[in-house]
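Chemist: Below is the structure I would like to discuss, written out as structure tokens.
The values are calculated or read from the model by the stated rules, or taken from the named source; none is laboratory data. Please read all numbers here as calculations on a predicted model, not as lab measurements. Here the Cβ positions follow ideal geometry from the backbone for every residue, glycine too, while neighbour counts run over all protein chains shown. Surface accessibility is based on the protein's heavy atoms, side chains included, excluding ligands, DNA and RNA. Shrake-Rupley method; radii C 1.70, N 1.55, O 1.52, S 1.80 Å.
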Amino acid sequence: MKKTVNDFRKMKETGEKISFITSYDYMTAKFAEQSEIDMILVGDSLGNVLLGYESTIPVSMDEMIIHARAVRRGAPNTFIVGDMPFMSYQISDELAIKNAGRFIKEANCDCIKLEGADSRILDRIRAITGIGILAMGHIGLTPQFAAKLGGCKAQGKSLEAAKVLLEQAKAVEQAGAFSILVEGVPAIVGKLISDNISIPVLGIGAGSFVDGQLLIYADMLGMYEDFTPKFVKKYAQIGEEIKRAFTQYNQEVKKGIFPVDSEYSYKIKEEEAKKIKELYFTK
Ligand code: KIV
């Protein structure tokens with residue numbers, strides 16, 4: 001059964017960890033739901049992972065909607081988070097509401113996620129949640145702000161930086177977010193944040209003390225080879241397996257080993273095959 005905001009609140013209270021994974025398509029969404037993962041993020045990381053962009057910056061709302069709809073078809077009973085791409089919410093409250101609404105209306109997502117915690121973003125969270133759409137905040141290593149952060153690197157590595165993150169998390173909670181994703185911080189900073197706000201704290205590279213864990217499926221399955229962050233545990237080597245299978249297929253096609261007709265071709269009645277042979281192949 002699909003989990004709700006109340007379930008996630010209770011999980012934080014009781015210490016039951018929330019499992020969270022990205023998905024961008026029907027197939028992996030189905031696998032996630034069959035594996036009883038609590039929450040799916042249709043992340044703008046699909047820009048890197050699926051579309052081959054150098055960053056998440058070029059990802060458009062229309063691309064996000066196509067993928068979010070596919071994920072919903074694959075996971076009808078899982079809580080789905082639609083990730084607001086760059087420039088879909090920064091400009092104005094109206095634009096943010098319009099695009100958050102698209103995730104809900106067009107893709108049947110349960111909530112949206114947006115990066116940052118400066119006053120502008122806090123206004124957006126207030127605007128979106130004010131009309132009844134659930135919002136998840138995202139602080140720490142926020143890829144859409146990579147230029148400002150000096151690259152995609154760990155955050156909160158000093159007392160001062162940890163204090164700033166804690167204040168940001170509190171502000172995001174106050175603005176009305178029902179949960180917050182914290183990315184790329186030392187475990188003690190994840191704990192500091194989780195212990196000091198009441199909404200669930202999901203972590204990606206934020207250590208073990210937070211209320212739930214997110215991984216990008218293509219990282220944890222060993223499929224995305226361009227870059228692997230330190231916090232990724234590889235649960236499978238699907239990329240290696242795909243390369244092995246593609247190589248074998250390539251060789252078998254070239255050598256005429258595949259297909260073996262008795263096994264992989266459609267059957268035809270003997271008398272029909274005979275007629276075709278007599279007409280076309282016996283001259
Ligand atoms: O887009 C995404 O998958 C994300 C994670 C990297 C946190 O936002």
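Chemist: Which numbered condition trips up P85, out of (1) out of contact with any strand residue (DSSP E or B) (no Cβ under 9 Å at 6 or more places or on another chain); (2) open to solvent by 50 Å² or more (accessible area, probe 1.4 Å); (3) within 27 Å of I197 (Cβ to Cβ)?
Modeler: Exception for P85: condition (2).
Per-residue answers, yes or no, for (1) within 14 Å of the ligand (Cβ to nearest atom); (2) outside the structural domain of F103 (by TED's automatic domain parsing); (3) of a type in the set (V, I, T); (4) part of a helix (DSSP H, G or I):
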residue: I21; (1), (2), (3), (4): yes, no, yes, no
residue: M27; (1), (2), (3), (4): no, no, no, yes
residue: K30; (1), (2), (3), (4): no, no, no, yes
residue: N48; (1), (2), (3), (4): yes, no, no, yes
residue: V59; (1), (2), (3), (4): yes, no, yes, no
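Chemist: I'd like to know if region 38-46 contains one or more residues that are without any contact (Cβ under 8 Å) to a residue 12 or more places away in the chain, open to solvent by 10 Å² or more (accessible area, probe 1.4 Å) and either among the charged types (D, E, K, R) or away from the ligand (no atom under 13 Å from the Cβ) (or both).
Modeler: The initial filter retains those residues of region 38-46 that are without any contact (Cβ under 8 Å) to a residue 12 or more places away in the chain, namely none.
No, because not a single residue in region 38-46 is without any contact (Cβ under 8 Å) to a residue 12 or more places away in the chain, open to solvent by 10 Å² or more (accessible area, probe 1.4 Å) and either among the charged types (D, E, K, R) or away from the ligand (no atom under 13 Å from the Cβ) (or both).
Chemist: Tell me, which residue of region 136-166 that is touching a residue at least 12 places away in the same chain (Cβ under 8 Å) and charged (D, E, K, R) is farthest from G205 (Cα to Cα)?
Modeler: Residue satisfying both the conditions and the ranking: K157.
Chemist: Specify which of the listed residues (G184, G203) is at positive phi, within 14 Å of the ligand (Cβ to nearest atom), modelled with pLDDT of 95 or more and open to solvent by less than 60 Å² (accessible area, probe 1.4 Å).
Modeler: Numbers: G203 fails: at positive phi.
When all the criteria are applied, what remains is G184.
Chemist: Kindly establish whether K170 is of a type in the set (K, R), closer than 22 Å to F20 by Cβ and touching a helix residue (DSSP H, G or I) at 6+ places or on another chain (Cβ under 8 Å). Walk me through it before giving the result.
Modeler: Values: of a type in the set (K, R): yes; closer than 22 Å to F20 by Cβ: yes; touching a helix residue (DSSP H, G or I) at 6+ places or on another chain (Cβ under 8 Å): yes.
Answer is yes for this residue.
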